[in-house]
Amino acid sequence: MGKIPTHINPTLKQAREIYGYTQMEAAKKIGVSVDTLGNYERGKSYPDVPIIRKIEEVYEIPYARIIFLPLDYDKTVNEQ
């Protein structure tokens, strides 16, 4: 568990896993429900600015380094 190395631009899920948080733990720290965090991680929705700021704080990484999946990611993956 710990900081994200500077050479890695993680997805939101990877950032959570690097810190060793469960979805429930991360959601509580960020201030969203587990379902909402899951939607962010799967590209079903995007966080608004106040939540992005909290994500930056929790994972100690600037927003610009976090890879957010496209909104149609689940659909694309399921079609393959």
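Regarding the stretch 25-34, can at least one residue be identified that is assigned to a helix (DSSP H, G or I) and of a type in the set (S, T, N, Q)? Scanning the stretch 25-34, I find no residue that is assigned to a helix (DSSP H, G or I) and of a type in the set (S, T, N, Q), so the answer is no.
Going by the conditions given, is residue 8 touching a strand residue (DSSP E or B) at 6+ places or on another chain (Cβ under 7 Å), open to solvent by 40 Å² or more (accessible area, probe 1.4 Å) and modelled with pLDDT under 85? It is false that residue 8 is touching a strand residue (DSSP E or B) at 6+ places or on another chain (Cβ under 7 Å), open to solvent by 40 Å² or more (accessible area, probe 1.4 Å) and modelled with pLDDT under 85.
Selection over the stretch 37-71 of residues that are open to solvent by less than 70 Å² (accessible area, probe 1.4 Å) and among the charged types (D, E, K, R) gives a count of 4. Regarding residue 14, is this residue surrounded by 14 or more Cβ atoms within 10 Å (Cβ to Cβ) and more than 16 Å from residue 66 (Cα to Cα)? No: the conditions fail for residue 14. The condition (being of a type outside the set (D, E, K, R) and under 9 Å from the mean Cα position of the chain (by Cα)) is satisfied by just one residue among 46, 40: 40. For the stretch 53-80, a residue qualifies if it is part of a helix (DSSP H, G or I) and either in contact with a strand residue (DSSP E or B) (Cβ under 6 Å, 6 or more places away or on another chain) or modelled with pLDDT of 80 or more (or both), and the qualifying residues are 53, 54, 55, 56, 57, 58, 59, 63, 64, 65.
The values are calculated or read from the model by the stated rules, or taken from the named source; none is laboratory data. These figures come from a predicted structure and were not determined experimentally. Cβ coordinates were reconstructed from backbone atoms using ideal geometry, including for glycine residues, and neighbour counts include every protein chain displayed. To get the accessible areas, we keep the full protein, side chains included, count just its heavy atoms, and leave off ligands, DNA and RNA. Shrake-Rupley method; radii C 1.70, N 1.55, O 1.52, S 1.80 Å.
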